[in-house]
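So the structure is just underneath, and the comments pick up after that.
Where a number appears in this text, it was derived from the coordinates with a stated rule and is not lab data. What you are looking at is a predicted structure, and each value in this text was computed from that prediction instead of being measured. Methodologically, a virtual Cβ is constructed for each residue, glycine included, from the backbone with ideal geometry; neighbour enumeration extends over all protein chains shown.
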Amino acid sequence: MKKYIPFLLTLLLLAGCAAPAAQEGTYRQITMDEAIIMMEEESNYIILDVRTPEEFSEKHIPGAINIPNETIGTEEVPELPDKDQLILIYCRSGNRSKQASEKLVRLGYMNIVEFGGINDWPGDTVNG
């Protein structure tokens, strides 16, 4: 029996290596400057503001859409139908945008980029 133990351990090890690893998605974090460059160079992206509608109406990055972090859960997000599309996410200070990024990755979104909070945004903002 002892001579079979190394064989069984090797078999278990090989079986473990051959099994596909659980692919856990992730999101990228970039600086505000990197976000500005990305917005200038990329096309077909969404700027996602995950603050409350009240915060969004006070000021937001031009072209951003508002989907509050609290509304992102375990169900599909109708405003974000393309899970491969580049989505640039921000909030007020960077906390909610990280939470929203994690939730979107769990929902299967593949191209999430989090760039912090509007408090540090050096570019133009609009209200309304």
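I'd like the Karplus ³J(HN,Hα) series for the range 81-89: coefficients 6.51, -1.76, 1.60, θ = phi - 60°, whole numbers in Hz, and an x wherever there's a Gly or Pro.
Values, residue by residue: x, 9, 6, 9, 5, 5, 10, 9, 10 Hz.
Can you give the alpha-carbon Rg of the range 53-128 over 2.2 N^0.38 Å, where N counts its residues?
The reported ratio for this selection is 1.06.
With the crude spin-label approximation of a point 7 Å out along Cα→Cβ, what separation in nm comes out for residue 120 versus residue 43?
Spacing of the two 7 Å Cα→Cβ label points: 3.0 nm.
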